[in-house]
Amino acid sequence: MPEYILSVVARDRSGIIAEISAALFELGGNILSATQSVLGDYFAMMILCATRAAVDPKDIRDKLGERVRSEFDLFVTERQPASIEPMETQTFVITLIGPDRPGILHALTSYLASKQINIDDLRCQTTEGEFLVICQVSVPNELDLSMLQADLEESGRELQFTAHMQHENVFIATNELRFGRAT
């Protein structure tokens, strides 16, 4: 089954996801994965979609144009198989918080890139002068985790923010909300 990656940006309003998913369904598409956020007053979504048969990216654009009731920007590309062998990694969550100022995200991502650490998911936000970053990363097994944690903490002190790294399982266990029935 061919797969496509779509990136959609539009002025935010209710109903956009319903319109996008209807268009993809009408093309015989199945959404395999998606992420969506509102940045400022703009809707932003990335989608991995599979179709039963090949679809011209222009046809995807046209179908979204029929269904989405507002102006939008769209990027569509056919997903190509990976060309490199994946490394053996472990998943960690890194959190940073501190006073907002230029260069914090650059410092973090440059350090991670220098260690061949892939960022799988990233969320950052500035609220009331505080800058918060939460990212899920794939850390190569051969890296010294205690040195990595020490480096992050030292960078944090230099830039006046708090940095933590937790294995994904620990992060989930300590941050998971459990909903149960009231008795």
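Some observations on this one:
- Per-region count, the range 111-139, residues within 26 Å of A34 (Cα to Cα) and assigned to a helix (DSSP H, G or I): 2
- Filtered by the rule that a residue be more than 17 Å from G103 (Cβ to Cβ), exposed (fewer than 12 other Cβ atoms within 10 Å of the Cβ) and either charged (D, E, K, R) or in contact (Cβ under 8 Å) with a residue 12 or more places away in the chain (or both), the range 124-163 gives E128, N141, E142, D144.
- Candidate set: the range 78-106, residues that are among the hydrophobic types (A, V, I, L, M, F, W, C) and in a strand (DSSP E or B); chosen: the one farthest from R157 (Cα to Cα): F92
- The set of residues in the range 4-31 that are among the β-branched types (V, I, T) and farther than 13 Å from F43 by Cα comprises I5, I31.
- From L74, L32, L48, L39, residue being more than 18 Å from I5 (Cα to Cα) and under 22 Å from the mean Cα position of the chain (by Cα): L39
A quick yes/no check of all residues on (1) more than 30 Å from V170 (Cα to Cα); (2) surrounded by 12 or more Cβ atoms within 10 Å (Cβ to Cβ):
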| residue | (1), (2) |
| --- | --- |
| A50 | yes, yes |
| A53 | yes, no |
| P57 | yes, yes |
| D62 | yes, yes |
| I84 | no, no |
| F92 | no, yes |
| L105 | no, yes |
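- Of all residues in the range 20-36, those that are without any contact (Cβ under 8 Å) to a residue 40 or more places away in the chain have Cβ atoms under 6 Å from Cβ atoms of residues that are assigned to a helix (DSSP H, G or I), 6 or more apart or on another chain, in L27/K63.
- Residue satisfying all of: in the range 107-123; of a type in the set (S, T, N, Q) and under 15 Å from A163 (Cβ atoms); surrounded by the most Cβ atoms within 10 Å (Cβ to Cβ) among these: T109
- Residue match in the range 120-137 (condition: assigned by TED's automatic domain parsing to the domain that holds A163 and farther than 30 Å from D41 by Cα): no
The values are calculated or read from the model by the stated rules, or taken from the named source; none is laboratory data. Computed from a predicted structure; not experimentally measured. Positions of Cβ are backbone-derived with ideal geometry, glycine not excepted, and every protein chain shown enters the neighbour counts.
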